[in-house]
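> Starting off with a structure, shown below.
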Amino acid sequence: AAANIGVVGLAVMGSNLARNLASREGNTVAVYNRSRTKTDELIAEHPEAGFVPAFSYEEFASSLSVPRTAVIMVKAGGPTDAVIDELVRVFEPGDIIVDGGNALFTDTIRREKAVRDTGINFVGMGVSGGEEGALLGPSLMPGGSDESWVTLGPILRSIAAVAEGEPCVTHVGHDGAGHFVKMVHNGIEYADMQLIAEAYDLIRRGTGKSPAEIADVFAEWNRGELESYLIEITAEVLRQVDAATGTPLVDVILDQAGAKGTGAWTVQTALDLGVPVSGIAEATFARSLSSHPEQRIVSGVLPGPAEALVVADADAFVEDVRLALFASKIVAYSQGFDEIRAGAAQYGWSIDLGAISKIWRGGCIIRAQFLNRIADSYAQTPDLAVLMTAPYFVEALGRAQGAWRRIVSTAADAGIPSPAFSSSLAYYDGLRAKRLPAALIQGQRDFFGAHTYKRIDKPGTFHTLWSGDRTEIEAEDTH
Ligand code: NDP
């Protein structure tokens, strides 16, 4: 028993995480992969890591010191279950199995429950930052029991990204909490990317600037309140020239966005929880719309506005877009954090939302200055019902709203799709509204389905006898 931690699954993520672990003082890493070649290659290519290779699960278990700790990095779904079964077979009570794959949090809840009966600890852990993060320092979102955190905490702190001196890892909450938070992280990432894409599109179509010129705009934005990894890489992508054609790369990339499903999970879960994450939903649907060429064939059929967008003052327009982007981004993050709050309430997790915003400051795709403002907001008011009602965001939204409205209406007039910008603004105005037309919907529901309604002026539940004499009666509450 020479190793204090093991990794199962040595594709790109697993091997990079194993190398990261091995590079830290005090760690000896056992490695196992279903097919032997990956193990042999890793050992041959990285003799400096001092890996302890294993070629069976029995050998893997006996190479680990007790309590045995293993991180699984295999294809999510069935393969993860298969590996868990094997590890449960060779591990003992008190040992720790960590799933670092992109599992759906409900699978993690199921697995934790099943493994718990054996006395072995099961920890679902979100890992963000892709290959490079796994190697150099990811943002880590472990769930699981307090007991396993005692062993895992120091190891994970040693390999995580560091932001402003703090490691980007926290014990998120029990069972599926870590994978839940990772899921929402990805949903926010979808929204942030869509918003940036809409900003680019508006500037390009509004001002006629070239991609390289727009890269300069993003580079400039990256020095202000929008500073973030995504803004930074946007400038890089826009500046890239295609070697084959000599045109901007962005102009030769097929305009159909792919997705691996975590955005959809975020939206599906939000629907189940009844939390409006309209920015994330629009971003997810925008990818779907883009990737249906058979539907987009109609582009020449559907009429658009007669007049093209003409922007008189390009600098003022670009500044308006920047503010619209900032405001919409606040909405997207606010909605994401509200979903985490709702998930925590639903599943009984105690999640420190400020700590979550802090562990996203390094390692992951949505790392940004802005996350410090979220942490500050929760530090001031831990039970904020709506993140964007914190003073910093209220000020920012107040400052941005004029520009935001101008951009959304300009986009609509010009026929430029801006689903995430406009739905974020609609959400903002929905929350602001003193009265919503939901009253009319309740009336309609009562009319066709006797679903009853409540009144603003007295307690109780009521129904109007719509098909009778239309008097109102007090009713049982049937929702
Ligand atoms: P893959 O998702 O491509 O998975 C390949 C690995 O899974 C190989 O080691 C493979 O073993 C193993 N595997 C597949 N089926 C089985 C099985 N039935 N039993 C045992 N092992 C099996 O690898 P990645 O490195 O890309 O990702 C690993 C995990 O990390 C995934 O869950 C992914 O979603 C997650 N993740 C990935 C990120 C990324 O940026 N790529 C970011 C964050 C998380 P074999 O060599 O024998 O085929």
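The values are calculated or read from the model by the stated rules, or taken from the named source; none is laboratory data. Remember, predicted model here, so these are calculated numbers, not experimental data. Side chains are part of the model used for accessible areas, which takes the heavy atoms of the whole protein and leaves out ligands, DNA and RNA. Shrake-Rupley method; radii C 1.70, N 1.55, O 1.52, S 1.80 Å.
> As a test question: what accessible area, to the nearest 10 Å², does residue 457 have when a 1.4 Å probe is rolled over all protein chains in place?
For residue 457, the solvent-accessible surface is approximately 100 Å².
> With a 1.4 Å probe and all protein chains kept in place, how do 109, 159 rank by accessible area, largest first?
Result, largest first: 109, 159.
> Return the calculated 222 nm mean residue ellipticity for the chain, to the nearest 500 deg cm²/dmol, obtained by summing -39500 (n - 2.57) across DSSP H runs with n ≥ 4 and dividing by the residue count.
The per-residue figure over the chain is -17500 deg cm²/dmol.
> On to the next question. Over the heavy atoms of residue 463, what accessible area does a 1.4 Å probe trace out, to the nearest 10 Å²?
Spelled out: residue 463, probe radius 1.4 Å, area about 30 Å².
> Nearest-5 percent of antiparallel DSSP beta bridges in the range 108-250?
90
> Quick check: with the 1.4 Å probe, what order do 198, 294 take by accessible area, largest first?
Greatest to least solvent exposure: 294, 198.
> Using only Cα atoms, tell me the angle between helix 391-414 and the longest principal axis of the chain; keep it within 0 to 90° and round to the nearest 10.
60
> Also: Skip the ligands, DNA and RNA, and give the accessible area per residue of the range 99-222 with a 1.4 Å probe, whole Å².
Details: 4070 Å² over 124 residues.
Averaged over the residues of the range 99-222, the accessible area is 33 Å².
> I've got another one for you. What is the Cα centroid distance between the range 228-307 and the range 343-389, reported in whole angstrom?
26
> Report, for the chain, the % of DSSP beta bridges that are antiparallel, rounded to 5.
In the chain, approximately 40 percent of DSSP beta bridges are antiparallel ones.
> Rounded, prolate or oblate: which one fits the chain, using the alpha carbon gyration tensor with axes a ≥ b ≥ c (rounded when a/c is under 1.5, else prolate when a/b beats b/c, else oblate)?
oblate
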